[in-house]
Amino acid sequence: MPEHVWSYQPTSGHLAGTDLTGYKVEATDGDIGKVDKHSDEVGDPYLVVDTGVWIFGKEVLLPASTVVGIDPEDKKVFVDRTKEQIKAAPEFHRDKHLGDAGYREELGTYYGTGGPFGGRPA
């Protein structure tokens, strides 16, 4: 499983200990919601994004590697995926998937180099 998907990119501007909960999230083609939960745990950083009405109020889990920029003044997080790529990600259910190693592996494959939208856009 590609572990690098669970690490922030060095150029993302992420500072350890910064809580991103409540920040707006911008995909490459527009707003996708806001950070509802942020884990900064070593080896497992991720964002749970509440998409609101965009995809019918669902939550999505985004590995830290999808974060390409953070604007602390405007409280925005920028990710390197389109709305459609995020919408097509494996479905997330908070009570079922938080701490689930199989789900984490599925997401790692989806967002990592072996997935349909693997690697970072060129």
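Table for the structure above
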{"item": "Total charge dipole magnitude, the chain, about the Cα centre, Cβ charges on Lys, Arg, Asp, Glu only, Debye to nearest 20", "result": "220 debye"}
{"item": "Charge-dipole axis of the chain as Lys and Arg at +1 and Asp and Glu at -1 on Cβ define it, positive-most pick from Ile32, Val79, Leu62", "result": "Ile32"}
{"item": "20 Å Cα-Cα threshold exceeded, pairs from Lys37/Lys76; Lys34/Lys76; Lys76/Lys96", "result": "Lys76/Lys96"}
{"item": "Net charge over other residues, Cβ less than 11 angstrom from the Cβ of Gly52 (K, R count +1; D, E count -1)", "result": "-1"}
{"item": "Exposure ranking of Thr21, Thr82, Thr51, Thr28 by accessible area [1.4 Å probe, largest first]", "result": "Thr28, Thr21, Thr82, Thr51"}
{"item": "Rounded to the nearest 10 Å², the accessible area of Leu15 at probe 1.4 Å", "result": "120 Å²"}
{"item": "Net charge, Lys24 excluded, C-beta distance under 13 Å - Lys, Arg +1, Asp, Glu -1", "result": "-4"}
{"item": "Rg to Rh quotient for the chain, alpha carbon positions, Kirkwood Rh", "result": "0.91"}
{"item": "Lys24 - accessible surface, heavy atoms, 1.4 Å probe, Å² rounded to 10", "result": "110 Å²"}
{"item": "Cut-off under 5 Å, modelled amide H: who pairs with Val25 long-range", "result": "Ile32, Gly33, Lys34, Val35, Val77"}
{"item": "Computed helical MRE - 222 nm, the chain, DSSP H runs ≥ 4 contributing -39500 (n - 2.57), nearest 500", "result": "-4000 deg cm²/dmol"}
{"item": "Reachable aspartates and glutamates, given that their alpha-carbon falls under 13 Å from the alpha-carbon of Lys24 and they are not under 8 places away in the same chain", "result": "Asp36, Asp50, Asp71, Glu73, Asp74"}
{"item": "Over the chain, relative contact order from alpha-carbon pairs under 8 Å, at least 6 apart, %", "result": "27 percent"}
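The values are calculated or read from the model by the stated rules, or taken from the named source; none is laboratory data. Keep in mind that this is a model prediction, so the values were computed, not measured. A quick note on method: Cβ atoms are made from the backbone with ideal geometry, for glycine too, and the neighbour counts reach across all protein chains shown. To get the accessible areas, we keep the full protein, side chains included, count just its heavy atoms, and leave off ligands, DNA and RNA. Shrake-Rupley method; radii C 1.70, N 1.55, O 1.52, S 1.80 Å.
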